[in-house]
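Comments concern the structure below.
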Amino acid sequence: MDLSIVDLAPVPEDGTATDAYENTIELAQLAEDLGYSRFWMAEHHGMADSIASTTPEVLIARLAADTDEIRVGSGTVLLNHYQPFKVAETFASLDALAPGRIDLGLGRATGIPAADRALGTDRQSGDPDADHAEKIESTVTHLHDGFPDEHAYGELTLPRSADSAPEPWVLGSSPSSAEIAGQLGLRYCFAGFIRPSLAERAFETYRDRFDPSPLGAGPDEPEGMLAMNVACADTDDEAARLRATAEASYKRLRRGVVGSPPSVKAAIDELGGVPEPTPNPLPDGDWPRSISGSPETVRDLLEQLTDRVGVEDVIVQNIIADHDDVLRSHELLADGVGL
């Protein structure tokens, strides 16, 4: 199993974005030392008091400079906010700075209405899936010089490295995003921490619709990755305590409350107790939004979930309040999986 990390640059309690970015750099360097394959930065807007990852392209440049080999990328660029040519220019520039190490994760999401208005984003679309597919296809076509000379964009060029281009991924949490990835012949990552119950159907749709990219922008065969929220500690009970922060954060989001993740103690108080450890094995059909356990338990859980969807790669998100606990969780997980 290959492991990767997606990070949100959470702002520590009583901290600043500078503190968040320092923690992110430290985590990326640890991930490289531990043998993680990729380190992606999320994109969120209008919540900078709690999530500092608003501009993944800026953070990717710094992370690439502060690491040597690990792939760095976006998880995701919210393409509904931008024009494909600008995204292609940005990520081609990043690939020129760090050749062969840049991933371009492409997705979509609407957020706080004020933020969407400030970004000039139209929240209403007659056919959002078609619009999204067209934007992804156009971005990838720019990256691979796929527009013919007679096309309106045929004369446009991008900054280039000698031998590589950013590796595009489609990110999503529904069968519609999976269908887009399959039809365009791109790699696909499913966000299991958003709508986990749709994971199996999404990957089935991806494989059914897969047709290799005529531009050579993707793999010859379907290639997918599962994103999961994971808390790992020395014991199942200790990991369940850490997972309390994620569970309380999810409950807050359902109430429309956004902010820094609560401490373990505050989360347990909000939940009315410590969450039960994630059962191992998982009951048939059970797709938890967040899992926890010792290194051995988490390895077993991830193997069960990846077997269900037929992938071997996992990218891990966690919502753990204390940065030292975050680092330790990733260390233990790497050990449990055998990186």
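Of the residues making up the stretch 4-47, those that are charged (D, E, K, R), crowded, with 16+ Cβ neighbours inside 10 Å and assigned to a helix (DSSP H, G or I) are 19, 32.
Of everything in the stretch 71-87 that is surrounded by 24 or more Cβ atoms within 10 Å (Cβ to Cβ) and assigned to a loop (DSSP other than H, G, I, E, B), the residue that is modelled with the lowest pLDDT is 76.
Touching a residue at least 24 places away in the same chain (Cβ under 8 Å), in a helix (DSSP H, G or I), closer than 24 Å to residue 172 by Cβ and open to solvent by 20 Å² or more (accessible area, probe 1.4 Å): does that describe residue 57? Yes; evaluated as a whole, the condition is true for this residue.
Pairing each residue of the stretch 147-176 that is over 22 Å from residue 40 (Cα atoms) with any residue that is open to solvent by less than 30 Å² (accessible area, probe 1.4 Å) and assigned to a loop (DSSP other than H, G, I, E, B), provided the two are 6+ apart or on different chains, yields C-beta distances under 6 Å for 147/154; 148/154. Scanning the stretch 218-244 for residues that are open to solvent by 10 Å² or more (accessible area, probe 1.4 Å), in a loop (DSSP other than H, G, I, E, B) and touching a residue at least 12 places away in the same chain (Cβ under 8 Å) yields 218, 219, 222, 223, 234, 235.
Would you call residue 316 open to solvent by less than 10 Å² (accessible area, probe 1.4 Å), within 28 Å of residue 172 (Cβ to Cβ) and out of contact with any Gly (no Cβ under 6 Å at 6 or more places or on another chain)? For residue 316, the condition - open to solvent by less than 10 Å² (accessible area, probe 1.4 Å), within 28 Å of residue 172 (Cβ to Cβ) and out of contact with any Gly (no Cβ under 6 Å at 6 or more places or on another chain) - is met.
When residue 280 is tested against (1) assigned to a loop (DSSP other than H, G, I, E, B); (2) of a type in the set (S, T, N, Q); (3) open to solvent by less than 60 Å² (accessible area, probe 1.4 Å), only condition (3) is not met. Considering 258, 298, the condition of being surrounded by fewer than 17 Cβ atoms within 10 Å (Cβ to Cβ) and under 23 Å from the mean Cα position of the chain (by Cα) is satisfied by 258 alone.
The values are calculated or read from the model by the stated rules, or taken from the named source; none is laboratory data. Since we're looking at a predicted model, the values are computed, not measured. Cβ atoms come from the backbone with ideal geometry, glycine included; neighbour counts cover every protein chain shown. Just so you know, the surface numbers come from the protein's heavy atoms only, side chains and all, with ligands and any DNA or RNA stripped out. Shrake-Rupley method; radii C 1.70, N 1.55, O 1.52, S 1.80 Å.
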